[in-house]
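Chemist: Take this structure, written in structure tokens, and hold onto it; I'll ask about it next.
Rule-based calculations on the coordinates, nothing more; no lab input. Not measured: the values here are computed from a predicted model. Cβ placement follows ideal geometry from the backbone for every residue including glycine, while neighbour counts extend to all protein chains displayed.
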Amino acid sequence: MKHLNSISRWLLCVVVIMAIGFTGRTAAAWQVYDSGDAAFLNIEYQVQLREAWRDMGSGPNGDKPTTDTYLRRDRLSFLGMFNDTFGGAVQFEYNGGRKINDLSVSPHDSDLELTLLDAYGTATVSNALQFRVGKTKQVLTREIQEGCFDPLSSDRSNFILGPFTQDAINRNKTTRDNGVAALGNLFGDVFQYRLAVMEGNKNNYSGIAKTAPDNAGYRYTGRMHVSLLDPETGWGYRGSYLGKKKVLTLGAGYETESNAVLRDSAPTTTEGSNYTAYTLDAFYEQPTDHGIYTLSGGYLKADFDGAGTRGVVGATEVNGEKNGGYWKAAYMLGKVQVFGRYEKWSFANLNGVLGQVITYTSEGVNYYIKGQDLRLTLEVSQTGFGTRPNPTVDPNFQTVIAQFQARF
């Protein structure tokens with residue numbers, strides 16, 4: 001059955017490549033309704049299929065290489081407008097069957113799951129005032145708001161994601177949350193603001209292991225950026241514009257939630273710790289006659305008043321209390337783009353290690369057959385840990401990813 005699943009996924013790739021290659025379709029989507037005025041409904045399908053290899057995880061001692069074929073993303077989207085002002089989007093994602101994870105290797109494939117990824121309404125009052133209401137992307141960092149199918153490397157950072165995902169109640173809150181977000185472009189699109197009021201950590205239900213006190217607040221976020229060259233005016237950013245823009249954008253954001261997690265891990269704890277985070281980021285892309293140069297970087301600090309070092313669930317692990325950042329660079333000539341990434345993060349409590357530091361580097365190449373609509377990526381990454389939980393075992397590992405991406 002495992003081999004049949006792997007074969008079926010690669011057959012899907014062959015079918016998609018043939019469909020796009022022979023018909024020339026791009027990400028224009030399937031337009032199932034068009035009023036001839038402002039109203040329309042589009043359906044989009046997007047897929048990322050991976051063949052991954054890691055130099056650990058298999059064998060009796062976990063020291064043998066592991067190979068894995070899985071769907072990183074398998075997404076169906078419904079996007080539309082009712083009129084000039086109101087619209088909405090619903091996106092479903094089906095993925096799973098994965099053994100090689102960001103920092104670990106599982107002996108078994110993860111469960112295949114269908115997830116309601118996004119479900120929000122939109123209202124566009126003007127270029128200076130736009131709204132999203134419902135389940136939508138968080139607005140704090142540039143990296144999270146980069147399109148999932150527009151990254152510079154095979155994916156966005158595994159470490160810059162948001163908090164509140166240690167339980168079934170708060171699933172997907174690393175990138176999405178429920179609430180209201182506003183966006184506006186001002187001063188000739190040079191300045192952009194984003195504001196959001198989101199649900200945040202609301203796992204305070206009786207009968208379920210609590211990660212938040214009963215008086216947990218809402219998550220409040222503010223972000224702004226300044227575009228010094230071609231503007232970036234939409235809700236999403238891109239990891240590369242493939243030379244279609246000259247971009248220099250500087251951004252910053254701040255986020256807070258009162259009583260976001262419990263004060264400590266004692267069973268009788270009722271008091272809460274506040275959550276605050278801030279970020280700084282920059283993006284530069286310059287097309288020239290001899291190629292396209294891309295450089296970007298970002299910093300994030302997430303603080304829980306020390307709850308992470310006290311082992312409080314919700315403030316520990318990759319999405320808890322931390323600080324660090326990334327640098328990305330690329331050069332593109334024709335349809336080929338070579339890239340590199342460097343990240344360094346310090347975590348309050350990761351896998352039971354206080355003050356764990358992770359260094360991540362990767363190098364790779366993208367081949368754009370039809371832009372982002374049909375793309376191949378090969379990436380080699382190295383993950384290093386500052387502290388060895390077991391002094392006799394080397395926790396560092398290397399991963400190789402071959403990824404196929406299609407959108408139509």
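Chemist: Roughly how many whole Å is it from the C-alpha centroid of region 187-204 to that of region 267-285?
Modeler: Centre-to-centre (Cα) distance: 14 Å.
Chemist: Also, quick follow-up: Taking the Cβ of Asn274 as the centre, find all other residues whose Cβ is under 9 Å away and add up their charges (Lys, Arg: +1; Asp, Glu: -1).
Modeler: With Lys, Arg at +1 and Asp, Glu at -1, the net is -3.
Chemist: Rounded, prolate or oblate for the chain? Axes are the square roots of the Cα gyration tensor eigenvalues, ordered a ≥ b ≥ c, and the cut-off for rounded is a/c under 1.5.
Modeler: rounded
Chemist: Here's something else I'd like to know. Under 8 Å for C-alpha pairs, at least 6 residues apart: give me the relative contact order for region 40-133, rounded to a whole percent.
Modeler: Reported relative contact order: 24 percent.
Chemist: Please list 3J(HN,Hα) in residue order for region 289-297, calculated via the Karplus relation 6.51 cos²θ - 1.76 cosθ + 1.60 where θ = phi - 60°; whole Hz, with x for glycine and proline.
Modeler: With the stated coefficients, region 289-297 comes to 5, 10, x, 10, 10, 10, 8, 8, x Hz.
Chemist: Something else now. With the chain treated as a Gaussian network of Cα nodes joined by springs under 10 Å, which of Gly236, Gly200, Gly36 yields the largest mean-square fluctuation?
Modeler: The residue that fluctuates most here is Gly36.
Chemist: Counting only C-alpha contacts under 8 Å and six or more residues apart, can you give the relative contact order of region 317-406 as a whole percent?
Modeler: About 22 percent, as a whole number.
Chemist: When you count, for each residue, the other Cβ atoms within 10 Å and take the mean per peptide, how do 384-392, 89-97 rank with the highest first?
Modeler: Highest mean packing first, the order is 89-97, 384-392.
Chemist: Can you give the local net charge around Lys64? Use residues other than it whose beta-carbon is closer than 11 angstrom to its beta-carbon, Lys and Arg +1, Asp and Glu -1.
Modeler: -1
Chemist: Using 0.36 nm per residue of separation minus the Cα-Cα distance, give me the extension gain between Ala209 and Ser104 in nm, one decimal.
Modeler: Result: 35.4 nm gained on full extension.
Chemist: Which residue fluctuates the most in the chain, going by a Gaussian network model with Cα springs under 10 Å, if the choices are Trp30, Trp345, Trp327?
Modeler: Most flexible of the set in this elastic network: Trp30.
Chemist: Testing the spin-label approximation: label points 7 Å from Cα along Cα→Cβ at Thr124 and Ala38. State their distance in nm.
Modeler: Once both label points are built, they end up 0.9 nm from each other.
Chemist: Now a separate question. How high is the FRET efficiency from Thr268 to Val336, r the C-beta distance, R0 51 Å, rounded to 0.05?
Modeler: 0.25
Chemist: For n ≥ 4 DSSP H runs only, could you compute -39500 (n - 2.57) per run for the chain, divide by its residues and tell me the 222 nm figure to the nearest 500?
Modeler: -2000 deg cm²/dmol
Chemist: Name the shape class, rounded, prolate or oblate, that the alpha-carbon gyration tensor gives for region 287-376, where a ≥ b ≥ c are the square roots of its eigenvalues, rounded holds for a/c under 1.5, and otherwise prolate holds if a/b is larger than b/c and oblate otherwise.
Modeler: Prolate is the answer for region 287-376, as a/c is 1.5 or above and a/b outweighs b/c.
Chemist: What number comes out for the charge environment of Glu285, summing +1 per Lys or Arg and -1 per Asp or Glu over other residues with Cβ under 10 Å away?
Modeler: Its environment carries a net charge of +3.
Chemist: Right, next: I'd like the FRET efficiency for Thr392 and Lys64, computed as 1/(1 + (r/R0)^6) with the beta carbon distance as r and R0 of 25 Å, rounded to 0.05.
Modeler: 0.90
Chemist: Between their Cα atoms, which of Lys173/Lys210; Lys135/Lys245; Lys173/Lys301; Lys301/Lys344; Lys244/Lys344; Lys137/Lys335 are more than 19 Å away from each other?
Modeler: Over 19 Å apart, Cα to Cα: Lys135/Lys245; Lys244/Lys344; Lys137/Lys335.
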